[in-house]
Amino acid sequence: MAEAGARALPPRIGAPAPADLDAVASLAAFASVPGWPAASIAASLGDAAAIARVARDAAGAPIAFALARLAADELEILLVAVAPAWRRCGLGRALVDALLDAAPAARAAHLEVRASNAAALALYAGAGFVAVGRRPRYYEGREDAVAMRCALAETNP
């Protein structure tokens, strides 16, 4: 768990460094996001269309991570993971905002989220995403995904 004093400090958000790969993969595992071992994250980060942001605590350790891919004028948010001790303090929203800010040419953003993940659904709704569909048994063939989309034309001219 994060120290109370360290948690009170605003985290720094920026691009991940190659040395962050294992920590980022651990964050994905803590967040129960299937399909994102270190090798998959490394491959995605190597893609020229990838946009990634990491939040760091006062000591510089990664405490949250987000990954997206820009294709033409559409941003696909692939992964948002926050360390358990740092959840519910705005890091997920800050990372989503950082991804959107990093893609000024994007006219829309989309993502999939577990239907049972009420916290993530609320986070994305608060960021302007709306549900546009459902993907049955998307996660491990057992759980539905909610497809969400956010129009950015108003904020990204």
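Only helices enter this figure: runs of n ≥ 4 DSSP H residues, each worth -39500 (n - 2.57), summed and divided by the residues of the chain, yield -7500 deg cm²/dmol at 222 nm to the nearest 500. Inter-label distance, Arg88 to Ala118: 1.2 nm, where each label sits 7 Å from its Cα along the C-beta direction. Taking Rg and Dmax of the Cα atoms in Å as the quantity of interest, determine which of [x] 16.8, 54; [y] 15.0, 43; [z] 19.1, 63 was computed from the displayed structure. Derived directly from the coordinates: [y].
Please calculate the 1.4 Å probe accessible area of Asp101, with all protein chains present, and give it to the nearest 10 Å². We get 120 Å² for Asp101. For Asp57, the residues whose modelled amide H falls within less than 5 Å of its own, excluding neighbours fewer than 5 places apart on the same chain, are Ile63.
The values are calculated or read from the model by the stated rules, or taken from the named source; none is laboratory data. Small disclaimer: the values here were computed from a predicted structure and weren't measured. As a convention, Cβ positions derive from the backbone with ideal geometry for all residues, glycine included, and neighbour counts pool all protein chains shown. Quick note on the areas: whole protein, heavy atoms, side chains included, nothing else; ligands and nucleic acids left out. Shrake-Rupley method; radii C 1.70, N 1.55, O 1.52, S 1.80 Å.
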